[in-house]
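Take a look at the structure below.
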Amino acid sequence: MTSCRAFAKRVRGAVMGVADNHRMVRWRVKIAGVVQGVGFRPYLYCLATELKLSGEVANGTGGVLVEIEGEQAQVQEFLRRLPLEIPPLAQVDSIEVQEIGTRGALGFRIIASDASGPVRTQIPADAATCADCLREMLDPKNRRYRYPFINCTHCGPRFTITRSIPYDRPQTSMARFKMCAACQAEYDDPRDRRFHAQPNACWECGPQLTLLDAQGAASGVEEPVGGTLELLRGGKIVAVKGIGGFHLVVDATNQAAVVRLRMRKHRFGKPLAVMVRDIEAARQLCEMSDAEAALLPGSERPIVLLRALEEHGLAADVAPGVPWLGIFLPYAPVHHLLLAESGLRALVMTSANLSEEPIVIANDEAVERLRGIADAFLVHDREILQRADDSVMEVVEERPQFVRRSRGHVPLPVLLLQETPPLLAVGGHMKSVFTLASGRHGYQSQHLGDLESVSSVDFFGEALEHFERIFQVAPEYVVHDLHPGYASTAWALAQTQRKIAVQHHHAHIAGCMAEHGLRGPVIGLALDGTGYGVDGRVWGGEVLIATLTGFERFAHLKYVAMPGSEAAVRQPWRMALGHLYAALGNGVFDADVLARMKVGEGDARLLVRMIERGVNSPLTSSCGRLFDAAAALILGCDRVDYEAQAGIELEGIAERDTAGQDKGYSLRVEDNGVDVPLILDPTSLWQELLADLGRGEEPAKMSTRFHAGVADGYVRAAIAAKERTGIRDVCLSGGVFHNRLLTHLVCVGLRQTGMESHLPVLVSPGDGGLSYGQAVVAAALIGEGTRG
C-alpha cells in the first residue's frame, strides 16, 4: 500500500504545473480507503476552514468526494497536508485529483452522502474506546458518566453494526435510536469530536444494559453493572454482550469458577483468554517485550499471547499445561466499567459458544444456547449485525503475527499483487475464513470457526451474504482447496461460477509471497498438520519451489502411516506408533517404548496390522503430526482436547535460551535423485530421542533437541534447494510456524547461510490465512490467462 507521504508527493506534483500562486482554482478530489465513519469529513472541513478555502465534501460509495476552491497556493497546501494529518482510524488507499471550473462559492460545507454507484470504499473495523471517551465516562460531572455505550468518531463499533454503505446511521443498527437534542447537536457540528459518529448516544436516547437471570427473565437489578460484579465476586458465570458478540465471564482468580465454566462449556484444556484493566495489570501477570506491549493498547485490542510469570496468581485452570496467557485490555465501555472499580484483578472472557461453534450475538439466542452455562446475562438492546470473535496475536521474530484475524481488523482489506475480476476464495475446513476479492482488494471474513457443524456452515453463508452486500461484489470465480472432504470444497463445487482449485500448501506459500511483494520463484517451507496433496496423500512437511501460479515439490518429510486416520490427530500416541514402526520395525513392541506411548502390546499389534494392510491408515508427511508423536513420547501426551495441543505443550517446556545447546536430534535429508523430492527422514531422530528417554533425560532438554533437529533438517533442505536453483528468498507458512521457538531456529539458520526468510504478517500463517493465498493464486492464474 502506498504511504501517505508518497500520496502527498504525487498530489503536490500534480498541481505544481502553474506558477501563479494567486490564481483561483477548483479541484475535485476522490479519496478511497478507510475514510468513512472515522472523522474524515470533519477533518477536511477543519483543514479547509483553517486555510480559508471554499467547497464541499460528501461520503460516497467510492470513498470521500471533496471539491476545494481558492488560491492555488492554498489549495496546494490543502492537498499537501491532506494525507499527512488524517484521523487515527483512517487509512488512505488512493487519491485522485482533477481540475474543474471555479464556482466563486463562499465557505466550505459538508453535504449529504451519495449512495449511488459501485462500492469502492471500506467499512472501518470496530475500535476500542478512545482515551477521550474513557475520560468522559469516568468523570462524574460528564453527562455520559458511566454510560456503557459512549463513543465518538475515533472509537466504537463499526463493522459489527453496519448493514450497508455509505456508513451512515440509517445503514446501522443505531437507526432505531433517535438522538436527543444534545446528541444531535454534537452529531451536526463539524468541530465536535462526535460529528457524524453514527453510534452516538447517551443515557437519554441510546441503548441500555439489562441484567437477566439464568432463565432469561429480568432480574430487577437497577444497576446492571453493579449486579454483574456482585455475581462475579460470588464465583458466578455471566454472559456479557459486547461489540461482536457475547463473552462468558468469570473471576480469573477463582479456580472453582474457572473449572465450572470449563465443565459447562465442554472446553477442556484449551487456554482461556483473560482481560485486565490496563497494561500495568498485564505486567503483573506476564513478561512482555516492547513489541508485545505495543500490541495490547492499540485500537484493535487483540488477545496477545504472552509468557506468564511463574507466580501470576490466576487460577491454575486458566491455561493448564502451557506457560503462556492470552491477555487483552478492555475495548468496550462495559469492559472498562466491569474492571474499573470491581477490585477484581482479571476476568476470564471467553467466546460465548460451545467449542468451535459461532459466537452468540442476539439476546434470545444467548438465553437459548447458553442456558445451563451462564448464571446470568448482561444484555443490551443495540443489535449486533455481524458476529466477530476477538482477534488473537503473538510476536514472532519481533513482528506481530495473527493467530486469528477478526474483530478490530475485519473487514479492512489485504491487498493482492495484481488486479483480479471478482472472486471468492473459500479457505479450508478448520479455522474457516473466506476472502472476497475484486480489483486489488481482498476482504477477509472474520473468524468463522471450524466447518464441523450446521451452525458454522450457516454462519459462513450469513457472513458471505453480508460481505457481498456491503462491498457489492458478485464473484465470477470460486476458489477452493483440493481436499474432497472439506465442507468448503463441497460448498464451492455446488456453486455455478467458474471453479479454480488450489493446492493447500501452495496457497500458504503464495499468501506469504504476496504479503512481501514476491512473485517468485521462492523456496517455500509449508509446515502444518493436514493438507491434501496432489498425490492424494496427507501433506504437511513440505519444501516447495513456488511461483504464484505453480509449484514443484522439492522435499518433504518421509511418509508414515496415521493409524486410525483422524483418531491419530486426537490421540498422539497413534502417531508415535506410526513413526516408530516406520523407524524401528518390530522394535516398536519393546516394553519400554510401549510404556512411553501408554499402549498395550495387543493394541499396538492391532494398529501395526492396520498399517501393514493399509486399513484406515493414510500416509502423511505432516510436520504437525511429527510434533504430536514427539509430545506423546516426551510428555506422555496420549490424548488432546484441542487442535495442536500436543505441539503447543511441547514448545512450552523447551528451554528458552537455546544458545550453546547441544546439537539437536538428526533429521536426515536424503537425496534419491534429481527427478524426485528429497526426503527428510526422522529415523535417526527417533533413535536418538529414545536413547535420551532411556537415560532419563529431562523433558525440557529433549524438547529443545527435538526443535533444534527439526529446524536444522528444514534449513538444510532449504540450502539444498538454494544450491540447485540459486533462490535465496524463503517463505515460511503453515500452522506449525505459530511455534515461536521453531520459527526462530529456522530463521536464524537461514540467516546464517545468507538466505532471507519471510513470515506472514497481515494474515495468519495457519488455515485462517489460507483463503488469502487461494485468492492470490487464482488472481495470478486468471491474469496470465490460464483460467478464463
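List of remarks:
- Out of S219, S289, S299, sole residue that is of a type in the set (S, T, N, Q) and closer than 24 Å to E649 by Cβ: S289
- Scan of the range 75-100 for residues that are part of a strand (DSSP E or B) and either among the small types (G, A, S) or over 19 Å from E56 (Cβ atoms) (or both), ordered by number: Q91, V92, D93, S94
So that you can scan it fast, the table gives a plain yes or no per residue for (1) of a type outside the set (A, V, I, L, M); (2) under 15 Å from L690 (Cα atoms); (3) in contact (Cβ under 8 Å) with a residue 12 or more places away in the chain; (4) in a loop (DSSP other than H, G, I, E, B):
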position: G541; (1), (2), (3), (4): yes, no, yes, no
position: T549; (1), (2), (3), (4): yes, no, yes, yes
position: F554; (1), (2), (3), (4): yes, no, yes, no
position: A576; (1), (2), (3), (4): no, yes, yes, no
position: A583; (1), (2), (3), (4): no, yes, yes, no
position: G587; (1), (2), (3), (4): yes, yes, no, no
position: D592; (1), (2), (3), (4): yes, yes, yes, no
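- The range 558-579, subset among the charged types (D, E, K, R) and under 29 Å from the mean Cα position of the chain (by Cα), residue most open to solvent (accessible area, probe 1.4 Å): R570
- When the test is whether a residue is open to solvent by less than 10 Å² (accessible area, probe 1.4 Å) and among the hydrophobic types (A, V, I, L, M, F, W, C), V479 passes it.
Per-residue answers, yes or no, for (1) among the small types (G, A, S); (2) farther than 21 Å from S113 by Cα; (3) free of Cβ contacts under 8 Å to residues at least 40 places away in the same chain; (4) open to solvent by less than 50 Å² (accessible area, probe 1.4 Å):
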{"site": "V25", "(1), (2), (3), (4)": "no, yes, no, yes"}
{"site": "R28", "(1), (2), (3), (4)": "no, no, no, no"}
{"site": "I31", "(1), (2), (3), (4)": "no, no, no, yes"}
{"site": "F40", "(1), (2), (3), (4)": "no, no, no, yes"}
{"site": "C46", "(1), (2), (3), (4)": "no, no, no, no"}
{"site": "E77", "(1), (2), (3), (4)": "no, yes, yes, no"}
{"site": "L84", "(1), (2), (3), (4)": "no, yes, no, no"}
{"site": "L89", "(1), (2), (3), (4)": "no, no, no, yes"}
{"site": "I100", "(1), (2), (3), (4)": "no, no, no, yes"}
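- Only one of V763, V730, V736, V776 that is assigned to a loop (DSSP other than H, G, I, E, B), surrounded by 20 or more Cβ atoms within 10 Å (Cβ to Cβ), in contact (Cβ under 8 Å) with a residue 12 or more places away in the chain and among the β-branched types (V, I, T): V763
- Residue within the range 203-226 that is open to solvent by 10 Å² or more (accessible area, probe 1.4 Å), in a helix (DSSP H, G or I) and touching a Leu at 6+ places or on another chain (Cβ under 6 Å) present: yes
- Qualifying residue in the range 358-381 (condition: assigned to a strand (DSSP E or B), in contact with a strand residue (DSSP E or B) (Cβ under 8 Å, 6 or more places away or on another chain) and among the acidic types (D, E)): no
- Some residue of the range 161-178 being touching a residue at least 60 places away in the same chain (Cβ under 8 Å), of a type in the set (S, T, N, Q) and surrounded by fewer than 16 Cβ atoms within 10 Å (Cβ to Cβ): no
- Residue pairs whose Cβ atoms lie under 6 Å apart, sitting 6 or more positions apart in sequence or on different chains, and linking a residue in the range 215-226 that is without any contact (Cβ under 8 Å) to a residue 40 or more places away in the chain to a partner that is open to solvent by less than 80 Å² (accessible area, probe 1.4 Å), are V221/L211; V221/G227.
- Scanning the range 312-351 for residues that are in a loop (DSSP other than H, G, I, E, B), small (G, A, S), touching a helix residue (DSSP H, G or I) at 6+ places or on another chain (Cβ under 9 Å) and under 30 Å from D132 (Cα atoms) yields S342, G343.
- Screening the candidates G709, G647, G652 for the property of being part of a helix (DSSP H, G or I) and closer than 19 Å to H505 by Cβ yields one hit, G647.
- The residues on offer are A273, A257, and the sole one that is open to solvent by less than 10 Å² (accessible area, probe 1.4 Å), on the phi < 0 side of the Ramachandran plot and among the small types (G, A, S) is A257.
- All positions within the range 415-428 that are closer than 18 Å to A463 by Cβ and either surrounded by fewer than 20 Cβ atoms within 10 Å (Cβ to Cβ) or touching a helix residue (DSSP H, G or I) at 6+ places or on another chain (Cβ under 6 Å) (or both): P422, L423, A425, V426, G427, G428
- Members of the range 594-636 that are of a type in the set (V, I, T) and open to solvent by 10 Å² or more (accessible area, probe 1.4 Å): V599, I611, V615
- Flag: A514 does not match the condition of being in contact (Cβ under 8 Å) with a residue 60 or more places away in the chain, open to solvent by less than 40 Å² (accessible area, probe 1.4 Å) and either within 13 Å of G734 (Cβ to Cβ) or in contact with a Cys (Cβ under 9 Å, 6 or more places away or on another chain) (or both).
- Residue match in the range 487-499 (condition: basic (K, R), open to solvent by 50 Å² or more (accessible area, probe 1.4 Å) and in a helix (DSSP H, G or I)): no
- Any hit, the range 583-593, residues being surrounded by fewer than 21 Cβ atoms within 10 Å (Cβ to Cβ) and among the polar types (S, T, N, Q): yes
- The residues of the range 227-250 that are closer than 20 Å to Y145 by Cα, part of a loop (DSSP other than H, G, I, E, B) and either touching a Leu at 6+ places or on another chain (Cβ under 9 Å) or not small (G, A, S) (or both) amount to a single one, I243.
- Residues being open to solvent by 10 Å² or more (accessible area, probe 1.4 Å) and assigned to a strand (DSSP E or B) - total across the range 525-539: 4
- Filtering T61, T129 for residues that are among the hydroxyl-bearing types (S, T, Y), within 15 Å of A32 (Cα to Cα) and open to solvent by less than 20 Å² (accessible area, probe 1.4 Å) leaves a single hit, T61.
- Residues (open to solvent by 10 Å² or more (accessible area, probe 1.4 Å) and in a loop (DSSP other than H, G, I, E, B)) located in the range 132-147: L138, D139, P140, K141, N142, R143, Y145, R146
- Residues located in the range 606-648, provided they are of a type in the set (S, T, N, Q) and in contact (Cβ under 8 Å) with a residue 60 or more places away in the chain: T620, S621, S622, Q645
- V522 falls short on exactly one of the conditions (1) under 18 Å from V426 (Cα atoms); (2) β-branched (V, I, T); (3) surrounded by 24 or more Cβ atoms within 10 Å (Cβ to Cβ), and that condition is (1).
- A567 vs. criteria small (G, A, S), modelled with pLDDT of 95 or more and over 21 Å from G769 (Cβ atoms): no
- Residues that are in a helix (DSSP H, G or I) and either surrounded by 21 or more Cβ atoms within 10 Å (Cβ to Cβ) or of a type outside the set (A, V, I, L, M) (or both), drawn from the range 276-294: E280, A282, R283, D290, E292
The values are calculated or read from the model by the stated rules, or taken from the named source; none is laboratory data. Since the model is a prediction, treat every value here as computed from it, not as a measurement. Every residue, glycine as well, gets a Cβ built from its backbone with ideal geometry; the counts of neighbours run over all protein chains shown. Note: accessible area is taken over every heavy atom of the protein model, side chains too, but ligands, DNA and RNA are not part of it. Shrake-Rupley method; radii C 1.70, N 1.55, O 1.52, S 1.80 Å.
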